[in-house]
Amino acid sequence: MAAMFTCCLGCCGDGGSGHIPLKEMPTVQLDTHHMGTDVVIVKSGRRICGTGGCLANAPLHQNKSYFEFKIQSTGVWGVGVATQKVNLNQVPMGRDTNSLVLRHDGSIYHNNEEKNRLPANSIPQEGDIVGITYDHVELNLYLNGKNMHCPASGIRGTVYPVVYVDDSAILDCQFNDFYHTPPQGFEKILFEQQIF
């Protein structure tokens, strides 16, 4: 009986042998391995400044993704989605098939074509929050939680959130802990392992 008790303690105790720690899921943030050469990323991968673009470290695999950008300082900037083939040193983006972005002037560009435009009285300013939904077909924009009703589409393949800055612009990225509640059915970006 004592031998059985000792065996049970050895097998089930917290001695560490056989215990496999759960892996912590990585945090969605700006990816310093996929950024322009003159880009600076600070605040634990959440703030971009300098000149150029940066992709997030997680592709948009799920059906309905939501993420936000806060304009800390105005200048030349853009936010949206892009493939890994996008030129992160080229500002503004939206000039080719590899990016679909809202530019600082309120225009939405893909493949050097204006796909839509924010209403004239809704151009994002310093302190504003730009929310983005993407469902693998259509990108939609929200300004301070309000739907701007200006969808855009056209990009194909695996896409990532993208942001670019120039001319003293500074933007903060929110991939969770949002300022505004995501639209119904949309949620924060999930890594592929979290989807299954």
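GNM on the chain, C-alpha springs below 10 Å: top fluctuator among Met148, Met35, Met25?
Between Met148, Met35, Met25, it is Met25 that shows the largest mean-square fluctuation.
Can you tell me how much longer the chain between Met25 and Asp128 gets when fully stretched, taken as 0.36 nm per residue apart minus their C-alpha distance, in nm with one decimal?
Taking Met25 through Asp128 to full extension adds about 34.1 nm, to one decimal.
Spelling out what I want: for every residue of the stretch 132-142, take phi, set θ = phi - 60°, compute 6.51 cos²θ - 1.76 cosθ + 1.60 (Karplus), and round to whole Hz; glycine and proline get x.
Rounded to whole hertz, the list is 10, 10, 9, 10, 6, 10, 10, 9, 10, 10, 10.
If we sort 121-134, 48-61 on the protection proxy, mean other Cβ atoms within 10 Å, highest first, what's the order?
Result, highest mean Cβ count within 10 Å first: 48-61, 121-134.
Placing unit charges on C-beta atoms (Lys and Arg positive, Asp and Glu negative, everything else neutral), compute the dipole magnitude of the stretch 30-174 about its Cα centre in debye, rounded to 20.
260
Could you report the chain's accessible area per residue, 1.4 Å probe, as an integer in Å²?
That works out to 53 Å² for each residue.
Over the Cα atoms of the stretch 110-163, compute the convex hull volume and normalise it per residue, giving Å³.
99
Between 0 and 90 degrees, rounded to the nearest ten: what's the tilt of helix 2-12 against the longest Cα principal axis of the chain?
Result, in degrees: 10.
Of Gly94, Thr37, Val130, which is farthest towards the positive pole of the stretch 30-174's charge dipole, taken about the Cα centre with +1 and -1 on the beta-carbons of Lys, Arg and Asp, Glu respectively?
Highest projection toward the positive end goes to Val130.
Sum -39500 (n - 2.57) across every DSSP H segment of at least 4 residues in the chain, then divide by the residue count to get the 222 nm mean residue ellipticity, nearest 500.
So the helix-based figure for the chain works out to -2000 deg cm²/dmol.
Among Val79, Val137, what's the order by accessible area (1.4 angstrom probe), most exposed first?
Val137, Val79
Any idea how far apart Gln72 and His33 come out in nm if each label point goes 7 Å out from Cα toward Cβ?
Those two pseudo-labels are separated by 2.4 nm.
Per 5 Å bin from zero, what fraction in whole % of the C-alpha pairs of the stretch 30-174 is there, up to the bin with the longest pair?
Bins of 5 Å from zero give 2, 11, 23, 26, 23, 12, 2, 0 percent of pairs.
Can you give the Rg/Rh ratio of the stretch 123-196, where Rg is from the C-alpha atoms and Rh is the Kirkwood radius?
0.95
The values are calculated or read from the model by the stated rules, or taken from the named source; none is laboratory data. The structure displayed is predicted, hence computed values, not measured ones. For neighbour counting, all protein chains shown are included, and Cβ atoms are generated from backbone atoms with ideal geometry for every residue, glycine included. Just so you know, the surface numbers come from the protein's heavy atoms only, side chains and all, with ligands and any DNA or RNA stripped out. Shrake-Rupley method; radii C 1.70, N 1.55, O 1.52, S 1.80 Å.
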